[in-house]
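Encoded as C-alpha cells, the structure appears first; notes follow it.
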Amino acid sequence: MEKRDANQNERSRKLAEALLKGWKMLPDTCPICDSPLFETPSGEVLCVVCGTKVILVESDEEAKLEEHRLALDKMLGDLVRHLERELYEAGESLDEGSLRRINMLLDAIRKALIIRRNLARQERTRS
Ligand SMILES: [Zn+2]
C-alpha cells in the first residue's frame, strides 16, 4: 500500500514536472503504463512516467492504413494456420479435394501479400 502511494506520488511528480516545463499533454496514453503522453518542444512524443518514446500515428488516414495492415496481418496468420492444418490433415495422401483447398489458400495468401505490399508502399510515399 505504501509502495503504491509512493509510486503514485512519483508518477504525479513526473507529470507535474513535464507540465511545468511547458510540454504539451496529449489525449493519447502510454501503451506501457497508461499515463498521459507528452509532446516535447522538439516534437518528440514520450511518456514521462516510464520513459517510453512513442511514435503516434498522425492522421485519420494513417490510422486507417495501420488498421488495415493489422487486419491483414491477422488474416494472413489465419490463412497460414488453415494451410498448415490442411497440410497436416492431408498427410501423405494429397487427394484432389485437399489439393484444391491448398491451392485456394495459397492463392488467398498471395493476394493478401500483394495488398500488404501496396499498403506498405502507400505508407512510405506518405511520410
Ligand atoms: Zn509509460
Among (1) within 16 Å of the ligand (Cβ to nearest atom); (2) part of a loop (DSSP other than H, G, I, E, B); (3) open to solvent by 50 Å² or more (accessible area, probe 1.4 Å), which single condition is Ser12 missing?
(2)
Please state which one of Glu84, Glu67, Glu17 is acidic (Asp, Glu) and within 15 Å of the ligand (Cβ to nearest atom).
Glu17
Can you tell me which residue is nearest to the chain's Cα centre (by Cα) among those in the range 27-42 that are open to solvent by 40 Å² or more (accessible area, probe 1.4 Å) and more than 10 Å from the ligand (Cβ to nearest atom)?
Asp28
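Rundown of residues vs (1) farther than 30 Å from Glu10 by Cβ; (2) touching a helix residue (DSSP H, G or I) at 6+ places or on another chain (Cβ under 9 Å); (3) open to solvent by less than 70 Å² (accessible area, probe 1.4 Å), yes/no style:
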| residue | (1), (2), (3) |
| --- | --- |
| Gly22 | no, no, yes |
| Glu67 | yes, no, no |
| Val80 | yes, yes, yes |
| Ala90 | yes, yes, yes |
| Asp95 | yes, no, no |
If I go through the range 43-64 residue by residue, how many of them are farther than 30 Å from Lys111 by Cα and within 16 Å of the ligand (Cβ to nearest atom)?
11
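The values are calculated or read from the model by the stated rules, or taken from the named source; none is laboratory data. What you are looking at is a predicted structure, and each value in this text was computed from that prediction instead of being measured. Neighbour counts run over all protein chains shown; Cβ positions are idealised from the backbone, glycine included. Heads up: the accessible areas ignore ligands, DNA and RNA and are worked out on the full protein's heavy atoms, side chains in. Shrake-Rupley method; radii C 1.70, N 1.55, O 1.52, S 1.80 Å.
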